[in-house]
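First up is the structure itself, then whatever we jot down about it.
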Amino acid sequence: MTVEQYNKSIDLYSDAIYRFILKNMNQPDEAKDIVQDTFEKLWVRAADVSFEKVKSYLFSTAYHTMIDKIRKNKRISSVDEYGSLDPLHNEHYTDLSEILNEALKTLPDVQRSVILLRDYEGYSYREIADITALSESQVKVYIYRGRLALKKYIGSMEVFI
């Protein structure tokens, strides 16, 4: 990969990678760090990655970097997070995007990632399988189960209208 191709890959894919990571983590600073780490890893391996395969390489690298950060953050999580929960507080939202984002947060990491790759980024099952290192049938199962969980969480649309 040449320097021009590397710069072009930044222009083409950095925003999409940032959106994907941000939807998964909901932490803008962490998402920016992961995007930067991803492109740093591409720079180190630029000679090994062809420009035709750079999109798949970038999303795979970003996904795995995100998973590593999530695992690290889970080990570091503090008790303060649990003290701020108010189980008696019941809010009703009318903004569907907020409801959907809250529903996505309830999903396991793998289900959330494959749903975001499929429904938000528009990847095929095969591409998602390559990015996440899952089989194509596993991707389909995770998407199906995730969508069922989202449907159950959101419930009937008449509630929001």
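With no solvent and one equal point scatterer placed on each C-alpha of region 92-161, evaluate the Debye formula and give log10 I(q)/I(0) for q = 0.12, 0.15, 0.21, 0.25 Å⁻¹, two decimals.
-0.33, -0.50, -0.84, -1.06
Listing Asp37, Asp48 from the residue with the fewest other Cβ atoms within 10 Å to the one with the most, what is the order?
Asp48, Asp37
Under 8 Å for C-alpha pairs, at least 6 residues apart: give me the relative contact order for region 92-161, rounded to a whole percent.
After rounding, I find 38 percent.
Taking the Cα centroid of region 7-34 and of region 95-157, what is the distance between the two, rounded to the nearest whole Å?
18
Taking the convex hull of the Cα atoms, report for region 1-78 its projected area averaged over all directions, in nm².
Answer in nm², one decimal: 5.0.
Just so you know, all these numbers are worked out from the coordinates, no wet-lab data involved. This is a predicted model, so every value here is computed, not measured. For neighbour counting, all protein chains shown are included, and Cβ atoms are generated from backbone atoms with ideal geometry for every residue, glycine included.
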